[in-house]
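All remarks here apply to the structure that follows.
What follows is calculated from the coordinates using simple rules that are stated; it is not laboratory data. Everything quoted here is computed from the prediction, not taken from an experiment. Here Cβ is always computed from backbone atoms with ideal geometry, including for glycine, and neighbour counts include all displayed protein chains.
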Amino acid sequence: MTVWRRTILPALMPLLAVFTAFVVGSVFLFITDIENLKHFPGDPLGTIVAGLVNIGKAYSAMVTGAFGVPAKLVAAMSSSQPKVIAGAIRPITETLVASSPLIFTGLAVAISFRTGVFNIGVEGQFILGAMGATIAVLAFQDVPKPLLLILATVIGTLSGALWGFIPGFLKARTGAHEVITTIMLNYVAAQLVLFGLRSDFLKPVGSTLPISKPLSTIVRVPLIFELPAIRLHYGFVVALIMAVIVSWFIFRSTKGFELRAAGFNLMAARYAGINASGSIMLAMAFSGGLAGLGGTLEVLGTVGQMSNDLSSGFGFNAIALALLAGNRPGGVVAAALLFGALRTGGGLMQVKTGIPLDLLFFVQALVIMFVAAPALIRSIYRMKVHSADGVAPQ
Amino acid sequence: MRLELKEITKRFPGVLANDRVSISVDRGEVLGLLGENGAGKTTLMNILSGIYRPDSGEILIGGTVRNFQDPHQAIDAGIGMVHQHFQLVPVFDVVESVALGAETVTGWLGTFDRAAARRRVVELSEQHGLDVDPDAKIEDLPVGVRQRVEILKALYRKSDILVLDEPSAVLTPAETLDLFKIIRGLTAGGTSVIFITHKLGEVLEVADRITVLRRGTVAGTVKPADTSREELATLMVGRDVELLVSKGVAKPAGVVLSVKNVLVMDDRLQMAVKGVSLEVRAGEIVAVAGVHGNGQTELVEAIVGLRSIDSGEIVIGGENVVHASPRQVADLGVAHIPEDRMRDGLIAGMTVEENYILDSYHRAPYSSRGWLHAREVAAAAEQGVRDYHIQTPSIDTFASSLSGGNQQKVVVAREFSRAVKLVVAAQPTRGLDVGSIEYIHTRLVEQRDAGAAILIVSTELDEVLAVADRIAVMFDGRIAGILEGASATREAVGILMGGGV
């Protein structure tokens, strides 16, 4: 009963939304397949079958691109050749690599929504976290490697936390709305990064591009598998650990209880003796810190070089992702894996079938739309409304 | 127009909301529809206004059967609803709000004919003594006037059957009296009124006939002249109800709360409490009576540490609490039942269990070293739900889906779950039905008899007279007089509430 209520029921709507989005996506694929549709007047049945085959090819290419070919995976298990193993597991590891930053930013948004503050500034906190880590690495090059990695991670995390704390402080002290201030601070962060990347300290000698000196030659997050062209590093493991920590913090710690109480109802929290402004600042700093840690591990693990386009909208995608995840840490991991799989799988689909990557953004947008409109999903699947107490509305 | 609802039955999954309910109201009559929360009043009215369709039964207006498919048809048939929660646009002015959805238009562009609408609003307002400024913005109007705008809306649509759903829930006693005057004016003009409430005093005062609903069925229809509060309460609840709280003589002991010459400002920096001195002893109930807005809210907030005072002294159990935080005050053994439970007392989006530990989550056994102990919290919440007969499917249910009475019980259960020396209860029974009121009063008396000092703030004279051992009446930020509970009369308290003499 509790497993059903706590795990399966909340996941049901997002799963149906994802399923529905793929169905609608197939319809879209079918009606945009002009070459195939030309045969429709002469051979309607054959056209439909051919259309379905094409849809099947596209989706199977996507699945293969995101998770690999089963036969290859089986072969890799008994093989001892690094190249064979790497080739088989590369799609999955690439999916995990793509998911990692989304887990961090998704957690950052989810924790802020859970605690009643709307942190739209995750994008800025993410890149400033990466920037902080970059500066730390270049400034303390002589520090022993493992120590340098820890130091840079701490500084990167704190940079993000600071960028989250500022709007929290403004809200608590002056009432400035965090949606406005965090959006604006995103621009400030982006310009700060550009400005920093022009300095001689950060940019490669003679470069005019907004990129930093390579960091991977100094330090990088250790790889999980020492295999050719496998980029998966321990940042993904840290992401999973953070999901557990966030979940514990939010639902099992007294601080998390305070943050949630203040987030839901500031007045009642004050009545209960909770320090409300402290809660706001802590929630924002925590959220920013998660984003900053994500940025740090992205630059020091996956990319190995700071640039102004380090984040391809991770902070903004995270808002949709947190919505899909129902602001649950476990849901964030699942949703990030889905988004990551779409990203990596879409590449192979495009190569193999010529269907543009945009289809996947289309599907992704449909998922969000269906999650945001639960009534639509309910009416499609004729689900009854269960009010929380099982009693009819008065 | 005579309205009749015949043998209406409406079933929701698992609930028989209306079971062969028949009511009628004549032209120019006020029908009081009385019932506890969940008795089926709202369902019945939603059927009348075309929001729900009955499973069986029929609606007759002026003798002809009408079946409403949607709310528009009900409005066209002359039925006007004034909902408990107003359906007004805050940034519109009165004329726009009233005309919205029923605008008259002019010209080929179909421009809103404001002048015509305004004329009619003014005319209706004067005709029925509603006294509404047609050009005022809704958001600037006090609640009582907003309600009159809702009535205007119904009249504007030529309603001759007016349904008022819990109209007094949001009104001050004075505004309620004004409303009664308006209702009498309307019925004199031939309008029929259905007045839905769970307040016994009001229905006796304003209704020509009273139909009592209980658990979806009609428990009885009576005339005010032939009945009494006790009989109505029994019909509503289905058993005899103690309207007067049975309690022994108070045995006051040492002073627990002492307030001396306290000055407190309100949010607009106006002096709200202008020098109040008050003592509450262990084992007695002191009620602060008074019309809302005479400084009671600020006084309570100052006592529990939510508002700083300008001068004076507040001592609880020997400790000066002038600069204490809410948590420090609570730690002295103060239970606080706030005035607005949905705003201050509960967190609607959290569960019953979480609300139960809202002000003690940081203590053993609920937590240690910053971590909550799920098992202990659940056990305590289960215990509270049992002890206080809180009707909830489980402790994991969101507080927002409980009825008002059960929400208040959660607050009371939580506050009394700690060792209590002083109880500060502001409007502890506002908006509750008779059964819940009785229950909460009994618990307060229990705390008194267990040796706690009780301070109740209430605008309800009935409540003050029923539970208080001493009554302090507040007027304009000062104590206008202190009366002994046993010998106080409605008149004596009423005179002090109006400023004395």
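Data for the structure
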| quantity | calculated |
| --- | --- |
| Pairwise centroid distance, computed over Cα atoms, of the stretch B:265-297 with the stretch B:436-497, Å | 13 Å |
| Qualifying lysines (Cα of each under 17 Å from Cα of B:LYS223; at least 8 residues distant if same chain) | B:LYS199 |
| Length released on extending from B:TRP108 to B:LEU60, taking residue separation times 0.36 nm less the Cα-Cα span | 13.3 nm |
| Two-site FRET efficiency, B:GLU7 against B:HIS389, from Cβ-Cβ distance with R₀ of 35 Å, rounded to 0.05 | 0.55 |
| Reference-scaled alpha-carbon Rg (2.2 N^0.38 Å with N residues) for the stretch A:40-129 | 1.74 |
| Amide hydrogen neighbours beyond the local backbone of B:GLY499, cut-off 5 Å, H modeled | none |
| Segments A:292-305, B:82-95 sorted - mean Cβ within 10 Å per residue, highest first | A:292-305, B:82-95 |
| For the stretch B:405-456, convex hull of alpha carbons as volume per residue, Å³ | 63 Å³ |
| HN-Hα J in Hz across the stretch B:21-35 - Karplus 6.51, -1.76, 1.60, θ = phi - 60°, x for Gly and Pro | 8, 10, 9, 8, 9, 8, 4, x, 10, 10, 9, x, 10, 10, x |
| Normalised alpha carbon radius of gyration of the stretch B:93-229 [divisor 2.2 N^0.38 Å] | 1.20 |
| Inter-label distance for B:ASN261 and A:ALA75, nm, one decimal - labels placed 7 Å from Cα along Cα-to-Cβ | 9.5 nm |
| Point-to-point label distance, A:ILE34-A:ILE380, nm (Cα→Cβ direction, 7 Å offset) | 2.8 nm |
| Calculated FRET efficiency for the pair A:TYR234/A:VAL53, C-beta based, R₀ 45 Å, to 0.05 | 0.60 |
| Karplus 3J(HN,Hα) series, Hz, for the stretch B:70-78 with 6.51 cos²θ - 1.76 cosθ + 1.60 (x for Gly, Pro) | 7, x, 4, 5, 5, 5, 4, 7, x |
| Amide proton proximity set for B:ARG281, modelled H, under 5 Å, gap of 5+ | B:VAL256 |
| Tail fraction, Cα-Cα pairs, the stretch B:3-237, threshold 25 Å, whole percent | 42 percent |
| Selection of trypsin sites (Lys or Arg not before Pro), the stretch B:1-108, meeting DSSP coil and at most 16 other Cβ within 10 Å | B:ARG2, B:ARG27 |
| Loop-located trypsin sites (Lys or Arg not before Pro) in the stretch B:224-281, at most 10 other Cβ atoms within 10 Å (DSSP) | B:ARG239, B:ARG268 |
| Volume in Å³ per residue [convex hull over Cα atoms, computed for chain A] | 198 Å³ |
| Projected-area average for the stretch A:127-223 over all orientations - Cα convex hull basis, square nanometres | 7.3 nm² |
| Neighbourhood net charge (10 Å Cβ-Cβ; Lys/Arg +1, Asp/Glu -1) for B:VAL82 | -1 |
| Inter-part distance where the stretch A:162-183 and the stretch A:64-141 are each reduced to a Cα centre, Å | 29 Å |
| Restricting the stretch A:103-186 to chymotrypsin sites (Phe, Trp or Tyr not before Pro) in coil, as DSSP defines it, with at most 11 other Cβ within 10 Å | none |
| Test item: A:256-268 mean partner chain Cβ contacts at 10 Å | 6 |
| Modelled FRET efficiency - R0 56 Å, B:ARG27 with B:ALA115, Cβ distances, 0.05 increments | 0.95 |
| Subset of B:LYS6/B:LYS158; B:LYS181/B:LYS274; B:LYS41/B:LYS421 violating a 29 Å alpha-carbon distance limit | B:LYS181/B:LYS274; B:LYS41/B:LYS421 |
| Under 5 Å, built H, 5+ apart or other chain: amide partners of B:ASN37 | B:ASP433 |
| Proximal lysines to A:LYS83, defined as alpha-carbon separation beneath 19 angstrom and excluding residues fewer than eight positions away on the same chain | A:LYS72 |
| Kirkwood Rh in Å, taken over all unlike Cα pairs in the protein assembly as shown | 32.0 Å |
| Fraction of alpha-carbon pairs over 13 Å apart in the stretch B:351-413 - percent | 56 percent |
| For q = 0.10, 0.12, 0.20 Å⁻¹, Debye-computed log10 I/I(0) when each Cα of the stretch B:150-291 counts as one equal scatterer | -0.60, -0.77, -1.19 |
| Exposure rule at most 10 other beta-carbon atoms within 10 Å, DSSP loop trypsin sites (Lys or Arg not before Pro): chain A longest free segment | A:39-381 |
| Gain in span if fully extended, B:LEU16 to B:ASP140, counting 0.36 nm per residue against the direct Cα distance | 40.5 nm |
| Stokes-Einstein D (µm²/s) once Rh is taken as the Kirkwood radius of chain B over alpha-carbon pairs, at 20 °C in 1.002 mPa s | 87 µm²/s |
| Pairwise centroid distance, computed over Cα atoms, of the stretch B:152-173 with the stretch A:235-305, Å | 48 Å |
